[in-house]
1. Search the structure for amide H atoms under 5 Å from the amide H of GLU559, placed 1.01 Å from N in the peptide plane, and list their residues when 5 or more places away or on another chain.
2. How would ASP93, ASP361, ASP338 line up by accessible area, probe 1.4 Å, largest first?
3. In whole Hz, what ³J(HN,Hα) sequence does the stretch 318-335 give by Karplus (6.51, -1.76, 1.60; θ = phi - 60°), x for Gly and Pro?
4. For ARG314, what accessible surface area do you get with a 1.4 Å probe? Give it in Å², rounded to 10.
5. Where the accessible area of the stretch 421-550 is counted over protein heavy atoms with a 1.4 Å probe, how much of it, in %, is carbon and sulfur?
6. Suppose only helical runs count, i.e. DSSP H with n ≥ 4. What mean residue ellipticity at 222 nm does that imply for the chain under -39500 (n - 2.57) per run, divided by all residues and rounded to the nearest 500 deg cm²/dmol?
7. Run the accessible area of the stretch 318-366 with a 1.4 Å probe and give the carbon-and-sulfur part as a rounded percent.
8. To the nearest 20 debye, what is the magnitude of the charge dipole of the stretch 248-389 about its Cα centre, counting +1 on the Cβ of each Lys and Arg and -1 on the Cβ of each Asp and Glu?
Amino acid sequence: AIVWDEYLTGPFGLIAQYSLLKEHEVEKMFTLKGSRLPAADVKNIIFFVRPRLELMDIIAENVLSEDRRGPVRDFHILFVPRRSLLCEQRLKDLGVLGSFIHREEYSLDLIPFDGDLLSMESEGAFKECYLEGDQTSLYHAAKGLMTLQALYGTIPQIFGKGECARQVANMMIRMKREFTGSQNSIFPVFDNLLLLDRNVDLLTPLATQLTYEGLIDEIYGIQNSYVKLPPEKFAPKKQGDGGKDLPTEAKKLQLNSAEELYAEIRDKNFNAVGSVLSKKAKIISAAFEERHNAKTVGEIKQFVSQLPHMQAARGSLANHTSIAELIKDVTTSEDFFDKLTVEQEFMSGIDTDKVNNYIEDCIAQKHPLTKVLRLLCLQSVCNSGLKQKVLDYYKREILQTYGYEHILTLYNLEKAGLLKPQTGGRNNYPTIRKTLRLWMDDVNEQNPTDISYVYSGYAPLSVRLAQLLSRPGWRSIEEVLRILPGPHFEERQPLPTGLQKKRQPGENRVTLIFFLGGVTFAEIAALRFLSQLEDGGTEYVIATTKLMNGTSWIEALMEKPF
């Protein structure tokens, strides 16, 4: 039997479904919780856990409350992603370390989420790197990249921007030196690796994402490619029962590119989704109408053979129409519009230096604290920090409205550079905005020509850096790179002769872009948009420490008062 640390079940579900584990003789699966383990007729019990002290206490409780009279069971423990001395010491103090026959680690670095997307799903990575100075997650990122190189060949060029990026690159170079004996003879798949620190672009995750997938994540939260939605919209409508027995359990859907329709609409601006859905509906109903024209046995047979595919398409259309309706209820609300207006004013540089009325109202009406903090951080980032008296006013209002325990959260946000006083008295954001063309006034949401469509006007800074790196190169923006935090660098990894790539004319470069500290779905959409450009010349594969949005990011930085 396997006993899971609940947080790990999501990521592992993407690699090994229960059915696969069953084939490998896993009898039972339990979630790790206190007191006794559920009864099960098994000899071996394996704990899959993250190295956290609080989990060790639960495991000890499980082991100690094991029934002495029953059959003796063997315990094993697997730490993901690595063993921890502290945890083993805790188990020893609790007197159960000897009960474990195997104590191993399972290094799960990068988990595939989609054809072009990998994530480490390490929720504390940003906080560890930028607040606690803990480089564990950077080490795992470097290890994950080494594994990728072992499978897909050495990446000839590494570019990077930011402190953490520099450290990951150094770790990779050191790891490579340590394995000097083995020459990697695999033809390289990736041409470039771009390592980007999240704190180089603190702005992008704070803004509300306006792509279809981004909005689903903003409103409902996508966890390990699954989303839970309110079930009312998905209940089959029956005549005459007056909606007595509506389902109460949340509807859980998996979202990835395996679903044709989702692959088509996930990265579109939400305003462009409706027309695609209605077009699809016409095509599908026309396809179903074909059955009246099927006269011969051959034609009927052909129609029947297409039925499963057509029914799947119809189901998928029904689901996405329902999701789009749910989202539309939110996006057409007055509050959503007000919030978006304020965000866009900040990003285009209007009134970033004084107390904002809308934010004041939100605090007074006690809107969710994460929403208020996101807007405040956005204002601070778009103004390179706030004037001390503006900042003090906001802080005082928040502490008086939401409680003094949040003083720790405000401290964390300041330390992370998200909500800080303006130092040096000048605002660098306008320079960055103009040089990198971060704000575009006329955005075509239906048939976009620029990445700014993902935020209806604002082009994600991180993606703009990637775009400029591929052409004309970063030399053109040296001045801005100096303003942004952290060093920028370039490393070459020499390839043995015979593995250098001769690029055919018209063949695209492949860049692996690694976001250290998290990435949002809108940024992923923008990178996919660049990959699909006819004359783009670069395809992107995206890796990150965590898929996130502004809310989950701020939540990870909030101190939970005990």
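1. THR409
2. Reading off the accessible areas and sorting them downward yields ASP93, ASP361, ASP338.
3. 4, 4, 6, 5, 5, 4, 4, 5, 4, 5, 4, 4, 7, 6, 8, 6, 5, 5
4. We get 120 Å² for ARG314.
5. The computed percentage sits at 47.
6. Dividing the helical sum by the residues of the chain leaves -13000 deg cm²/dmol.
7. 48
8. Dipole magnitude for the stretch 248-389 comes out near 380 debye.
The values are calculated or read from the model by the stated rules, or taken from the named source; none is laboratory data. Note that the structure is a prediction, hence the values are computed from the model and not measured. No Cβ is skipped: glycine too gets one built from the backbone with ideal geometry, and neighbour counts run over all protein chains shown. Only protein heavy atoms, including side chains, enter the accessible area calculation; ligands, DNA and RNA are left aside. Shrake-Rupley method; radii C 1.70, N 1.55, O 1.52, S 1.80 Å.
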